[in-house]
Amino acid sequence: MKEKNKLFGNVLIFAGILLLLAVEYLAHSKCVFVMDDLWYSTNLVTGEPLQTLSDVWESQVWHFFNWGGRNITHGILQITLMWGETAANILNLIMMLTLVWLICVIAGCKKPFWFLLAASLMISFNANFMDSMFWQSGTVNYVYSSVWILLFLWVYLRETSAIEGSKLPLVSIWIVPLGLITGWSNENMGPASCLIAVAVILYIHKIIKRKPAVWMYLGAACSLLGSILVVIAPGNFVRTAELPETDLWTSISERFLSMLRAGADYLFPAAALFLLVLFVYTAVYEKKLKPFQWFLLAHGVLSYGAMVLSPHYPDRATFGTMCVFIILIISMLKELMPLSKSKKTLLCLLTSGSWLYAVYILLLYIA
């Protein structure tokens, strides 16, 4: 009987994953290229439709000096737009699957059940799932960039518990482009990742008393370079100059309200569940956060706080921070699972509820 129940549960989990993926693909197909997509589908210099990679290169050089520094994400965006909607939809789904898988890997939860929970929370906790996950410009800027940002974080976070000599193949080579594109992505997630990389290096050196590998310094340096490029791009200042002038007090108050709305509205579901699980984890079961969890929490706080430098905090920009909180939630829930049957029941209810809500709101959009 126990084996039959386990088999039935696994069937339900896989069916839930497949149905959610099917609905997500339909949502991608429903959301055609619109708004910024139409502009980025052209050579930004000539205004002609994109034809070759040289058009993308020419566009991104112009973009860097005239509009903004997110050249990596916008360059990839232009490539996906050049491929067409069907190819973009397939790649978008692959990147979403990769992102959920990375969330589970970092959390230490690789079973299908946790994959279903992570995928469901990513939709149900999302302040604007259409603009951050299905609109092509948003998908590349947030889903795609979160993939390489979380991969970069995982490479460093694993070192907080990895034994000396546990190495990744050819890491000294691929950490260079990975670090560069991590920093050269979003204005808040990139610099926050750079700071966490530096913090991990200091932790290994000062606390673990181990000599950090050379590649760790190399990756942090490349991430710093990328962060500098995305922030100091001349296009940022050109774009800012086009905004209406405001006095200092108005500017400060608007930024304060923007940060408050992001924290008390956009990020509230993920933050509230995190605080609840954290209370149960630390106060009820008297467990302590592991080093990688502390670093993730610091990343979440930094990526949120960094937006104080921006004149506007759009709801879709909370996507990466939300993913960090989901990792923290799942990593703690995994450790609580064996402790109480009642907790397992609550976890199943959380997963079922978030899955149902995710499917429901996606079906509403498709309909």
### Mean Cβ count within 10 Å, highest first, over the residues of peptides 192-203, 174-185
174-185, 192-203
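Multiply the residue gap between Tyr217 and Ile79 by 0.36 nm, knock off their C-alpha separation, and tell me the result in nm, one decimal place.
Working: separation 138, 0.36 × 138 = 49.68 nm, distance 3.13 nm.
Full extension from Tyr217 to Ile79 adds 46.5 nm.
Add -39500 (n - 2.57) for each DSSP H run of 4 or more in the chain, then divide by its residues: what number comes out at 222 nm, to the nearest 500 deg cm²/dmol? Display every interim value, and only then the final one.
Details: 16 runs with 253 residues, N = 367.
Helix contribution divided over all residues of the chain: -23000 deg cm²/dmol.
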### Query
Can you list the residues of the range 14-44 with backbone N under 15 Å from a point 7 Å past the Cα of Thr86, pointing along Cα to Cβ?
29-30
#### Entry: Carbon/sulfur fraction of accessible area - the range 311-367, other protein chains in place, 1.4 Å, %
68 percent
### Message
Less than 20 Å from a label point 7 Å out along the Cα-to-Cβ axis of Phe256: which backbone N atoms in the range 301-325 qualify, by residue?
### Response
304-314
### Message
Expected output is a single nm value to one decimal: the length gained when fully extending between Val231 and His312, i.e. 0.36 nm times separation in residues minus the C-alpha distance. What is it?
### Response
27.6 nm
### Message
Students sometimes get this wrong: rank Met95, Met332 by accessible area, probe 1.4 Å, all chains present, largest first.
### Response
Met95, Met332
### Query
Relative contact order (percent) for the range 24-138, with alpha-carbon contacts under 8 angstrom and 6 or more residues of separation?
32 percent
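Excluding Lys290 itself, calculate the net charge of residues whose Cβ lies under 14 Å from the Cβ of Lys290, where each Lys or Arg counts +1 and each Asp or Glu counts -1.
Working: positive: Arg158, Lys287, Lys288, Lys334; negative: Glu159, Glu335.
Cβ neighbours under 14 Å give a net charge of +2.
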### Summary
Sorted by chain and then number, the residues having a modelled amide H within less than 5 Å of the amide H of Thr42, at least 5 places away or on another chain, are Leu50
### Query
Cβ under 15 Å from Ile327's Cβ, Ile327 left aside: what net charge do those residues give with Lys, Arg +1 and Asp, Glu -1?
+3
### Message
Given a 1.4 angstrom probe, what's the average accessible area per residue across the range 114-180, in square angstrom?
### Response
31 Å²
### Message
Rounding to the nearest 10 and keeping the result within 0 to 90°, find how far the Cα-based axis of helix 291-305 lies from the longest principal axis of the chain.
### Response
40 degrees
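Please state the charge dipole magnitude for the range 41-162, taken about the Cα centre, from unit charges on C-beta atoms (+1 on K and R, -1 on D and E), reported in debye and rounded to the nearest 20. It would help to have the intermediate numbers written out before the result.
Values: 4 positive and 6 negative charges, 116 e Å.
Computed about the Cα centre, the dipole is about 560 debye.
Would you mind counting up the charge near Gly108? Only other residues with Cβ under 13 Å from its Cβ, with Lys and Arg at +1 and Asp and Glu at -1. Spell out each step's value before the answer.
Details: positive: Lys110, Lys111, Arg158, Lys290, Lys334; negative: Glu335.
Within the 13 Å Cβ shell, the charges total +4.
For the chain, with only Lys/Arg (+1) and Asp/Glu (-1) charged at the beta-carbon, what is the dipole magnitude about the Cα centre, in debye rounded to 20? Please report the intermediate quantities before stating the final value.
On the way: 24 positive and 20 negative charges, 445 e Å.
Computed charge dipole of the chain: roughly 2140 debye.
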### Query
Can you work out the FRET efficiency for the pair Trp57 and Ile366, with r the C-beta to C-beta distance and R0 = 51 Å, to the nearest 0.05?
0.90
### Message
Taking amide H atoms as placed 1.01 Å from N in the peptide plane, list the residues 5 or more away in sequence, or in a different chain, whose amide H sits under 5 Å from that of Ser310.
### Response
none
### Task
Apply 1/(1 + (r/R0)^6) to the Cβ-Cβ distance of Ser172 and Lys206, taking R0 = 22 Å, and write down the FRET efficiency to the nearest 0.05.
0.45
### Query
From the residues Ile207, Gly235, Ala118, which one has its Cα farthest along the dipole of the chain in the positive direction, the dipole being from +1 and -1 charges on Cβ of Lys/Arg and Asp/Glu about the Cα centre?
Ile207
## Note on the structure
Share of Cα-Cα pairs in the chain beyond 28 Å, whole percent, is 47 percent
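The values are calculated or read from the model by the stated rules, or taken from the named source; none is laboratory data. Please read these numbers as outputs of a predicted model, since none were measured by experiment. As a convention, Cβ positions derive from the backbone with ideal geometry for all residues, glycine included, and neighbour counts pool all protein chains shown. When the accessible area is computed, the model is the full protein with side chains, heavy atoms only, and any ligands, DNA or RNA have been set aside. Shrake-Rupley method; radii C 1.70, N 1.55, O 1.52, S 1.80 Å.
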